[in-house]
1. If I model a spin label as a point 7 Å beyond the Cα along the Cα-Cβ vector, how far apart are those points for LEU8 and VAL79 in nm?
2. Determine the shape class of region 8-71: with a ≥ b ≥ c the square roots of the Cα gyration tensor eigenvalues, call it rounded for a/c under 1.5, and otherwise prolate if a/b is greater than b/c, oblate otherwise.
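Throughout, read-outs are computed from the coordinates displayed, never taken from laboratory work. Just so it is clear, the model here is predicted, and its values are computed rather than measured. Every residue, glycine as well, gets a Cβ built from its backbone with ideal geometry; the counts of neighbours run over all protein chains shown.
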Amino acid sequence: MERLVEMLTSKECKDLLFALSHPEENIFTRLERLSPEHDPLDLKPRAERDAPAAEVGKNINQDKALNLKRYVEDYHKYVESLNFPPKQKDSKDQHQNLEVKTRRGNSS
């Protein structure tokens with residue numbers, strides 16, 4: 001025990017002494033206390049309580065997805081209404097593309 005005390009700080013010694021002098025609660029006793037038969041608040045089982053919350057969450061997600069879809073559709077309509085002329089390549093770009101195609105054709 002002396003060696004253990006030498007290796008630990010004073011706080012660690014106090015924590016160890018506390019842990020050794022206060023054994024953990026029996027898990028089966030705790031489970032019994034938490035069982036539905038001993039429910040002083042008469043709460044519904046968790047599955048029954050969580051069902052409405054899950055439904056609300058699902059509705060919120062659907063609403064967000066629909067809003068996003070509408071936004072994207074409106075954005076596409078807006079972009080189409082801008083009537084951008086198609087981008088034309090300048091002669092330099094066309095010349096470079098022709099060189100690349102020619103080089104690839106020669107290497108085969």
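1. 6.5 nm
2. Oblate is the answer for region 8-71, as a/c is 1.5 or above yet b/c matches or exceeds a/b.
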